[in-house]
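The values are calculated or read from the model by the stated rules, or taken from the named source; none is laboratory data. From a predicted model like this one, the values you see are computed outputs, not experimental measurements. No Cβ is skipped: glycine too gets one built from the backbone with ideal geometry, and neighbour counts run over all protein chains shown.
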Amino acid sequence: MVDEHSFLDRVSTFVLDVDGVLTNGDLLITEQGEMLRTMNIRDGYAIKNALNKGYRVAIITGGGSKGVRDRLAKLGVQDIYDSCEDKPTALRDLMEKYKLDGAEVLYMGDDLPDYEVMGMAGIKACPADAAPEIKAMADYISPLDGGSGCVRDVIEKVLHRHAKWHS
């Protein structure tokens, strides 16, 4: 029997978009113009668990939010490329910084701004509600939507494969 997820064996680094991946893509805009997002607590647990087990987690997002930055920093994420207008350059910078081979990088994105940068990653993942163009190039499509645990899903799968999820 062929293992359909064996490509997950080589993951050492998770690179994630924010809006549509760590959030559901919705914005609540207050009367003062502040834009609020929600994130899934289980995604946060998975990120922290992956970092504690020696994996790298990085964020590359076009959005810029102090609240999002603070949340990710509290989880231990050190490589946060926010307000990023050139995601491929950010990924190249990250790969050079840690001497990463693209084959060990999993990128999870959901929409057309992620298309080019996903093409650079060895493993391409997306949430169930990603744009059709992103789904068409994905190696792994989570059964969960963005902001609803898709990040935990893919991290848990990788850590289970390496016997590191709950050890």
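Mind telling me which of the residues TYR107, TYR45 ends up being among the aromatic types (Phe, Trp, Tyr) and touching a helix residue (DSSP H, G or I) at 6+ places or on another chain (Cβ under 6 Å)?
TYR107 is the lone residue from the list that is among the aromatic types (Phe, Trp, Tyr) and touching a helix residue (DSSP H, G or I) at 6+ places or on another chain (Cβ under 6 Å).
Restricting the stretch 106-150 to residues that are over 14 Å from the mean Cα position of the chain (by Cα), not charged (D, E, K, R) and not in a helix (DSSP H, G or I), which is surrounded by the fewest Cβ atoms within 10 Å (Cβ to Cβ)?
The qualifying residue surrounded by the fewest Cβ atoms within 10 Å (Cβ to Cβ) is PRO143.
Between LEU51, LEU75, LEU100, which is closer than 23 Å to LYS157 by Cα, in contact (Cβ under 8 Å) with a residue 40 or more places away in the chain, surrounded by fewer than 21 Cβ atoms within 10 Å (Cβ to Cβ) and not charged (D, E, K, R)?
Criteria check complete, one pass: LEU100.
State yes or no: is ALA103 farther than 23 Å from LEU27 by Cα and part of a helix (DSSP H, G or I)?
Yes: the conditions hold for ALA103.
Which condition does GLY54 not pass, out of (1) part of a loop (DSSP other than H, G, I, E, B); (2) modelled with pLDDT under 95; (3) in contact with a Lys or Arg (Cβ under 9 Å, 6 or more places away or on another chain), if it passes all the others?
Of everything listed in (1) part of a loop (DSSP other than H, G, I, E, B); (2) modelled with pLDDT under 95; (3) in contact with a Lys or Arg (Cβ under 9 Å, 6 or more places away or on another chain), GLY54 misses just condition (2).
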